[in-house]
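To start, the structure itself, in structure tokens.
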Amino acid sequence: MTATSPEQNKALVLKAFDTLFNKRDYVAAEPLWSETYIQHSAHIPPGRDGLFKLVRGLPDTLRYECHVILAGEDYVIAHGRFSGHGRTASWVAADVVRIENGKLAEHWDVLQDEATQAESLSGLPMFGDRFPS
């Protein structure tokens, strides 16, 4: 097993998400995800192939932005936004990723439609410091 630091793990997750979701470079993304990748998300088919197939089926306008990323040992949590996926509201996500041997090995997520200012009972944005336009 290859040991990596929390900083290396955060950089890996950011690189993997950017390569797959923003650049749509499946060849470059493949080695960043484990061949035995475990997907716990209820809306994504199992394995690395299931994730890549899902992304291939989404509009080219899909974008991922990270707002906060935290890491401890082999786990990374990224608070981010998925936009341009063809739905009316962007998704704000907390993605939990387990890293093994320098690759994304396991994933869980919590997704929520991003609230507008009129919809936010707290009066605060869910992502960053301003509401979506």
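Quick note: the coordinates plus some simple rules give every number you see, no bench work behind them. Just so it is clear, the model here is predicted, and its values are computed rather than measured. All Cβ positions, even for glycine, are placed from backbone atoms using ideal geometry, and neighbour counts span all protein chains on display.
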Note to self: Give me the percent relative contact order of the chain, please, defined on Cα pairs under 8 angstrom at least 6 residues apart.
What the structure shows: 23 percent
Notebook entry, point to check: Can you give the percent of C-alpha pairs in region 3-79 whose distance is more than 21 Å?
Noted result: 26 percent
Notebook entry, point to check: What order do you get for Val110, Val92 when you list them from fewest to most C-beta neighbours inside 10 Å?
Noted result: Val110, Val92
Check: Cα axis of helix 6-17 to longest principal axis of the chain: angle in degrees, 0 to 90, nearest 10?
Finding: 70 degrees
Item checked: Electrostatic dipole magnitude of region 36-84 [Cβ: Lys, Arg +1; Asp, Glu -1; Cα centre; debye, to 20] -> 220 debye
Next item on the list: Could you list Trp33, Trp108 in order of exposure, starting from the residue whose Cβ has the fewest other Cβ atoms within 10 Å?
Entry: Trp108, Trp33
Next item on the list: For every helix of n ≥ 4 consecutive DSSP H residues, a contribution of -39,500 (n - 2.57) applies; sum these over the chain, divide by its total residues, and give [θ] at 222 nm rounded to the nearest 500 deg cm²/dmol.
Entry: -5500 deg cm²/dmol
Next item on the list: For a quick protection proxy, order the peptides 122-129, 96-103 by their average other-Cβ count within 10 Å, most packed first.
Entry: 96-103, 122-129
Next item on the list: Report the dimensions of region 47-93 along its three principal axes from the alpha-carbon atoms, largest first, rounded to Å.
Entry: 34, 25, 12
Item checked: Descending Cα extents along the principal axes, the chain, whole Å -> 49, 32, 24
Check: Between the DSSP loop rule and a limit of at most 15 other Cβ atoms within 10 Å, which trypsin sites (Lys or Arg not before Pro) in region 1-60 are left?
Finding: Lys23, Arg24
Next item on the list: For helix 47-56, report the angle its Cα long axis makes with the longest principal axis of the Cα atoms of the chain; keep it between 0 and 90° and round to the nearest 10°.
Entry: 40 degrees
Check: Using the 10 angstrom Cβ neighbour count as an exposure proxy, how do Thr61, Thr116 rank, fewest first?
Finding: Thr61, Thr116
